[in-house]
1. Which is closer than 25 Å to Ala222 by Cβ, free of Cβ contacts under 8 Å to residues at least 40 places away in the same chain and of a type in the set (A, V, I, L, M, F, W, C), of Ile595, Ile571?
2. Kindly indicate the residue of region 385-402 that is touching a helix residue (DSSP H, G or I) at 6+ places or on another chain (Cβ under 7 Å) and either of a type in the set (Lys, Arg) or in a strand (DSSP E or B) (or both) and also surrounded by the most Cβ atoms within 10 Å (Cβ to Cβ) among those meeting that condition.
3. Picking from Ala636, Ala735, Ala741, Ala723, which residue would you name as being aliphatic (A, V, I, L, M), at pLDDT below 95 and open to solvent by 70 Å² or more (accessible area, probe 1.4 Å)?
4. I need the full set of residues from region 293-324 which are β-branched (Val, Ile, Thr), within 15 Å of Lys55 (Cβ to Cβ) and touching a residue at least 12 places away in the same chain (Cβ under 8 Å), in order please.
5. Which residue pairs have Cβ atoms under 8 Å apart, sit 6 or more places apart or on different chains, and have a first residue in region 612-623 that is β-branched (Val, Ile, Thr) and a second that is open to solvent by less than 20 Å² (accessible area, probe 1.4 Å)?
6. Within region 487-503, is even one residue closer than 29 Å to Thr423 by Cβ, in contact (Cβ under 8 Å) with a residue 40 or more places away in the chain and part of a strand (DSSP E or B)?
7. Report, by residue number, each residue of region 35-87 that is of a type in the set (A, V, I, L, M, F, W, C), closer than 20 Å to Ser197 by Cβ and in a helix (DSSP H, G or I).
8. List pairs: first residue in region 522-547 and of a type in the set (Phe, Trp, Tyr) and in a loop (DSSP other than H, G, I, E, B), second residue surrounded by fewer than 24 Cβ atoms within 10 Å (Cβ to Cβ) and modelled with pLDDT of 95 or more anywhere in the structure, Cβ distance under 6 angstrom, at least six positions apart or on different chains.
Amino acid sequence: MSRRPRRLSACAFALAVVATATAAGEPPARPWMNASLSPDARAALVVQAMSQDEKFQLITTAYGSASDGKPAPACALGSAACAPALSRLGLPALQETDAGLGVARPLNAHSRDVATALPSGLATAASWDPAVAEAGGAMIGREAHRKGFNVLLAGGVNLLRDPRNGRNFEYAGEDPLLAGVMAGHAVRGIQSQHVVSTLKHYAVNDLETGRNTMNAKLDRVAARESDLRAFEIALGIGAPGSVMCAYNRVNGTYACENAWLLDQVLKRDWGYQGFVMSDWGAVHSAAKSALAGLDQESAGETFDPQMFFAAPLREAIAKGEVPQARLDDMVRRILRSLFAVGAIDHPAKAAPIDYAADAKVSQHAAEAGAVLLRNQDNLLPLARTLASVAVIGAHADRGVLAGGGSSAVTAPGGNAVPGLAPTVWPGPVMYHPSAPLAAIARRVGGKASYASGEDIAAAAKLAASSAVAVVFVQQWAAESFDRPSMALDGHQDALVAAVAKANPRTVVVLENNGPVAMPWLAQTAAVLEAWYPGNAGGEAIARLLFGEVAPSGRLPLSWPRDASQLPRPAIAGAGLAAIGLPPQGQPADTVDYDIEGADVGYRWFQRRGSEPLFPFGYGLGYTTFGYGPLTVTTDAAGAVTASFAVTNTGSRAGADVPQLYVQLPGEQVSRLVGWQKLALRPGETKRVRLALPAVRFARYDDRGHGWRVAAGTYRLLLGRSSAQIEQRAELRLPAVFPAGAQR
């Protein structure tokens, strides 16, 4: 029986060519450079052409700087990590750099190599504006590409379970939907610049104390509905090329060798096609990690006990403990991500950077994310006709504070306040040279005077003689430690109290990692949460204070009155002696997150029937808004559409963030299901229509291994925050098992 010759696909034909060339010992024809092929096809072609040594070269990176007397590797750019180019295959070196707030260098050793610093992740999350997150991501991705990097270790999405966590400023708050959406758009922005973005730190890496060994205990269903839900949403939006596994253990197993996290949830359930890289020093095995789903060991020669993905993994493959196919899959995933973002077709290389333009991106994010917490008698916005303003505290004459650790960015102009402890890791303490004092002085018709606040009596005297006092308070936080309390350092509480007593027209500006205790709150006229505001922070703060832009941020977290309201009032071992915070005992072996489970933040407060100082979603502005009736429709698939009108009922232009929450049948706690940020002129009305996917009304069904919407009556709540509900509507939903439930 005769047959017609089988026609090969372009990919299959190219594979045949590669196989023939490889067998003949000839250089490959590089068919993977054909950009018309899919990333999967191109990656498969490269894997087919690679030698075993080349494959092993790609699954490890080396620390990209000199360290502990060891010289930097030849591929290094003075950054987090690198892997040499595969020149025979025409593939560039892997060049990886920190982090989510801008292009950072390890230990701030390269302070002459400046970059634009975004405000903290919490500030971006507080904008509740995905466009702000995406623009910031695109900006730092563009700078990374123009500095020669093709991997940016950004995309922090760990949930804020404790306000004392030292890395909260890198993340996006307590709610999985808000955090996932904002982080996903930041990743999308980064990768639009042909740079691979990570999503980190996977998973339940919600404290820094004892992070290298700490066991995060959390029921799997609760994890799916909280921490993992944030990752799932961010993956669906941003499609990051890499996911970084965390230091900690999860339910007894290290995250980077946790098969349930990496293989089952990430790669099988969510269908993730990218690669898993380790955090620096997070690998503990060869075969176990590889079989669990780890694809790349990061800087293992410097940070791990040994290079597990070198000789130990080669031996495991030779013994048949790890299949050759698993190694090939590891390599394929890395290559696929590089092709998918265009890192190979558009190789990173040195190019000019417009720092002035990029600073405007940072400034806009700071303005969009600042939250006005208090404004008695409408003291703000300040008038330019003020005869005098006292500016007090927090080095406001020099710059604005930034968080520390691997995400610390050296902005143009360098560190405005050098030499503050700790000067070594996780320091140095960094101030971006954007002085609020100078920005305020440019806007005041009268005189702007400064007092450091070290002399409380002198500061109070200056406040008493001024028309308005603006007090800056600060709380430095960083990677690798948590704060033992919510209190501000030093005598800042006494300073604010004294200034407010001397001048009732006192404004407090916060530069901080997250919620702090405010015993002086009732004595002040206004409080503006500026977070760590980035390298244009001084200008942004002044514009907000004087009404050139209206505050429109909303809290991405619940602000406790004190630590007694938290699921865990104390963190064993928290502190940093170098800044006067000696650790309180030994770190705990296990942290029990089952106390709150999936009820993180505002859901915890609702469940307990307690009121935070400020609720999730809260924020004031310089105008007022009214909401029209809430109407709801549903379809057979369980999708919900909510409609309502928003009217600016005040006399100034401003932006509002109406928020939709849902109470599931039989539940009293609510869940954020949608929001929209919109700007309106005085008297203007806009109609809002929000399409809400069915998965946002679902619980995770562990037996059914998927999301399930239960049939029943749901209560949809329209509010200004999680605690201030303006409109309610009931709806009946059918039982639904949403497909592809990543959003």
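The values are calculated or read from the model by the stated rules, or taken from the named source; none is laboratory data. In this text, all values refer to a predicted model and were calculated from it rather than measured experimentally. Neighbour counts are summed over all protein chains in view; Cβ atoms, including those assigned to glycine, are modelled from backbone coordinates with ideal geometry. For accessibility, only protein heavy atoms count, side chains too; no ligands or nucleic acids. Shrake-Rupley method; radii C 1.70, N 1.55, O 1.52, S 1.80 Å.
1. That would be Ile595, the only listed residue that is closer than 25 Å to Ala222 by Cβ, free of Cβ contacts under 8 Å to residues at least 40 places away in the same chain and of a type in the set (A, V, I, L, M, F, W, C).
2. Out of the qualifying residues, it is Val400.
3. Ala636 is the lone residue from the list that is aliphatic (A, V, I, L, M), at pLDDT below 95 and open to solvent by 70 Å² or more (accessible area, probe 1.4 Å).
4. Scanning region 293-324 gives a single hit, Val322.
5. Thr623/Asn648; Thr623/Gly654
6. No: zero hits.
7. Ala43, Leu58
8. Matching pairs, first to second residue: Phe546/Pro381; Phe546/Leu382; Phe546/Arg443.
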